[in-house]
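Let me begin by presenting the structure, written as structure tokens, before commenting on it.
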Amino acid sequence: MSDMVYGEIPYVGKKVSRLFMGTAGASFLKGEDNNELLDAVFSAGVNAFDTARVYQGSENSLGKWIRDRGNRDQLVLLSKCGHPAPDGRKRVNEREIREDFEKSAECLGTDYIDIYLLHRDDPEVEAGEIAEIMNALKAEGKIGAFGGSNWSHQRIDEVNAYAKEHDLIPFTVSSPNFGLADQVRDPWGGGCVTISGPAHEEAREWYRATQMPVIAYSSLGRGLFSGKVHADEPEKAGLFMDSFALKGYECPENFERLRRCEKLAAEKHCTVPQIAMAWIFQQNINTFAVVSTSKLSRMQENIDALHIRLSREEMEYLDLKRA
């Protein structure tokens, strides 16, 4: 039974489930019919859905469900624009942002996207230009909240300083990597940003201070904390984690974090992913987490994890800050 927890994101105007259904899984990327899964997830209380222009057929798959069910007004849709081209060419400019929006809106069957994120930053583009572009889309009624995916908090500060100075709406949401696993290498290249691990305490403190909503991607280490990988068999991780996950998260420290998750899960009679998910939501950061799953039972496990309490000592133990 669901006990979903909801939060608020400025300029969205609806309650937002703390878990977003991610649509970067294989069946979504292929554009397949996922109506049954989406029905089940929605019935469990998940009303927020994460997709992107570069997620191949996922917007089509999600859009089919929205059209078939006629439930657009009940949903919080997040999509992303401005991802670099396959050849690495940067695409953070008004023409291509608008082109991405129109294609996404057509695929999703809507004229409005609740949360619209720039998928990557281009530091060569002035912060003020970006603020003006996103505010224009907002003023035209095309988007609700806007912000960045894989943006540093320093660049968000730059955009928001310009917005404040010019009486514009600021970035009010951010989607970096965030979770118990330390992202030790950039999985995909092109400027992935993480706020996980000992090297990014300053970023986490910024998010604690500002309480800007964080929509965490790869929150379970892209499979590391799925429960399928075992700490005492690191050589078998590749059976359950793809090459991007191995590049980003395969290191001795993360397998030690996994071992500690296994120990605590056994003590608390819950699962490894539930321990890792519970850790995320007790960091005094305004966190929402993207979860990709093909089974309702796994989504329900994540919902249940929202109610698992960890002590400060347990959280520090999991993150290797105490023996």
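Of note:
- Residues that are open to solvent by 30 Å² or more (accessible area, probe 1.4 Å), more than 25 Å from G70 (Cβ to Cβ), touching a residue at least 24 places away in the same chain (Cβ under 8 Å) and out of contact with any helix residue (DSSP H, G or I) (no Cβ under 7 Å at 6 or more places or on another chain), drawn from the stretch 92-122: N93, R98
- Condition broken by D182, with the remaining ones in (1) acidic (D, E); (2) without any contact (Cβ under 8 Å) to a residue 24 or more places away in the chain; (3) in a loop (DSSP other than H, G, I, E, B) satisfied: (2)
- Selection from the stretch 291-313 of residues that are within 21 Å of H200 (Cβ to Cβ) and open to solvent by 20 Å² or more (accessible area, probe 1.4 Å): R312
- Going through (1) modelled with pLDDT under 95; (2) assigned to a strand (DSSP E or B) one by one, R322 falls short only on (2).
Yes/no matrix, rows are residues, columns are (1) under 19 Å from the mean Cα position of the chain (by Cα); (2) assigned to a helix (DSSP H, G or I):
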position: V229; (1), (2): no, no
position: G238; (1), (2): no, yes
position: E253; (1), (2): no, yes
position: E256; (1), (2): no, yes
position: A278; (1), (2): yes, yes
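Table: residues versus (1) open to solvent by 20 Å² or more (accessible area, probe 1.4 Å); (2) closer than 22 Å to E102 by Cα.
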position: G128; (1), (2): no, no
position: A131; (1), (2): no, yes
position: A136; (1), (2): yes, yes
position: E140; (1), (2): yes, yes
position: A145; (1), (2): no, yes
position: W151; (1), (2): no, no
position: Q154; (1), (2): yes, no
position: E158; (1), (2): yes, no
position: E165; (1), (2): yes, no
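- Scan the stretch 200-217 for residues that are in contact (Cβ under 8 Å) with a residue 60 or more places away in the chain and either outside any helix (DSSP H, G or I) or open to solvent by 20 Å² or more (accessible area, probe 1.4 Å) (or both) and the total you get is 8.
The values are calculated or read from the model by the stated rules, or taken from the named source; none is laboratory data. What you are looking at is a predicted structure, and each value in this text was computed from that prediction instead of being measured. Every residue, glycine as well, gets a Cβ built from its backbone with ideal geometry; the counts of neighbours run over all protein chains shown. Calculation scope for accessible area: heavy atoms of the full protein, side chains included, ligands and nucleic acids excluded. Shrake-Rupley method; radii C 1.70, N 1.55, O 1.52, S 1.80 Å.
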